[in-house]
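Notes follow the structure.
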Amino acid sequence: MYKNKKFKIRNVEDIKDDITSAKLLYGDSVRTIFLADGNSIIVRTPQLKEILAFCYGMFPNLERVTSYGAAKFVLKTKTLDDLKELRKAGLTRIHMGMESGDKKVLESIEKGATPKEMIKTSKLVIEAGIELSQYVLLGIGGKDAWKRHAYNTSNVLSAMNPDFIRARTLVLREGAPLFMDAQKGDFVPCTPEEVLKETQILIENLDVTSHFFSDHVSNYANINGKLPGDKARMLEDLSKVKKKVEEDPTFRAHLMDSNRCMNL
């Protein structure tokens, strides 16, 4: 997403100007704010607290401020005390893309963190009182590793017990390293059937009290619920989609059409 941008940490006053402009556009109606772009958690804690205070001061009805927070950068730049200070200042949720709980898969995509580091980071965030939303990437293991990816991801998520689990499905984009690997035959993408089976294994083996969402345009099945109570119903919903894929060639062809994800 950021291939053509050079990373830099913006001046706090510039960010305040953006927030002031938002106030002029939206008035007091704002209830949620997301701190963009891709690595806002790396900003020093005092500056983040200043930004948070300005947000809440500018919008009297503000209820939630959230941010991305990759595990490797949270570990490098934030202590438990830092996270507690940020929660007190109003950072209510961190979105973290673990992608996989499998060590080999993480190494292959150069994620920059191990399953153990992701678990450690997640526990810090939760202990600080900040909600945690973890993202998993269905299909990232490819045909060779999808089962291992599914089981290990469910194990790592169970060790974390995040507030939210959000599933996305791998979509290969021309020019990306994994796309080129697929062109050479070094990476074989999963079929819709394999991705759906992977989702089934993931849900079956989760031992969490998390909200689970598979409601993204990239996904083959819209499966949502609160675990563990909704697990049986979620698996039943998933089974219906799997059956339709098996029995309806037109529906399967639709799932295989990359154009369905062009709005990603």
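Across segment 98-112, what is the number of residues that are in contact (Cβ under 8 Å) with a residue 40 or more places away in the chain and surrounded by 20 or more Cβ atoms within 10 Å (Cβ to Cβ)?
The number of residues fulfilling the criteria is 6.
Six or more apart or on different chains, Cβ atoms under 7 Å: show the pairs whose first residue is in segment 48-65 and more than 17 Å from Arg10 (Cβ to Cβ) and whose second is of a type outside the set (D, E, K, R) and in a loop (DSSP other than H, G, I, E, B).
Tyr56/Leu62; Tyr56/Gly90; Phe59/Val30; Asn61/Val30; Leu62/Val30
Is it true that some residue in segment 162-179 is surrounded by 21 or more Cβ atoms within 10 Å (Cβ to Cβ) and either more than 27 Å from Ile94 (Cα to Cα) or among the hydrophobic types (A, V, I, L, M, F, W, C) (or both)?
yes
So Lys88 clears everything in (1) surrounded by fewer than 20 Cβ atoms within 10 Å (Cβ to Cβ); (2) part of a strand (DSSP E or B) except one condition, right? Which one?
(2)
Could you tell me which residue of segment 199-212 is farthest from Glu246 (Cα to Cα), considering only residues that are buried (at least 18 other Cβ atoms within 10 Å of the Cβ) and either of a type in the set (S, T, N, Q) or out of contact with any Ser or Thr (no Cβ under 9 Å at 6 or more places or on another chain) (or both)?
This residue is Ser210.
Quick check on segment 70-84. Is at least one of its residues more than 16 Å from Lys49 (Cβ to Cβ), part of a loop (DSSP other than H, G, I, E, B), under 13 Å from the mean Cα position of the chain (by Cα) and not acidic (Asp, Glu)?
Yes, because at least one residue in segment 70-84 is more than 16 Å from Lys49 (Cβ to Cβ), part of a loop (DSSP other than H, G, I, E, B), under 13 Å from the mean Cα position of the chain (by Cα) and not acidic (Asp, Glu).
Does at least one position in segment 181-193 carry a residue that is surrounded by 13 or more Cβ atoms within 10 Å (Cβ to Cβ), farther than 18 Å from Ser108 by Cβ and touching a Ser or Thr at 6+ places or on another chain (Cβ under 6 Å)?
Checked segment 181-193: no residue is surrounded by 13 or more Cβ atoms within 10 Å (Cβ to Cβ), farther than 18 Å from Ser108 by Cβ and touching a Ser or Thr at 6+ places or on another chain (Cβ under 6 Å).
Given (1) at pLDDT below 95; (2) within 15 Å of the chain's Cα centre (by Cα), identify the lone condition not met by Phe164.
Tallying (1) at pLDDT below 95; (2) within 15 Å of the chain's Cα centre (by Cα), Phe164 fails exactly one: (1).
Going through segment 1-54 one residue at a time, which ones are aliphatic (A, V, I, L, M), under 22 Å from the mean Cα position of the chain (by Cα) and exposed (fewer than 12 other Cβ atoms within 10 Å of the Cβ)?
Residues satisfying the conditions are Met1, Ala36.
Here are Arg10, Arg93: which of them is in a strand (DSSP E or B) and among the basic types (Lys, Arg)?
Result: Arg93 is the single residue among Arg10, Arg93 that is in a strand (DSSP E or B) and among the basic types (Lys, Arg).
The values are calculated or read from the model by the stated rules, or taken from the named source; none is laboratory data. Fair warning: this is a prediction, and the values are worked out from it, not measured in the lab. Note: ideal-geometry Cβ built from the backbone for every residue, glycine included; neighbour counts use all protein chains shown.
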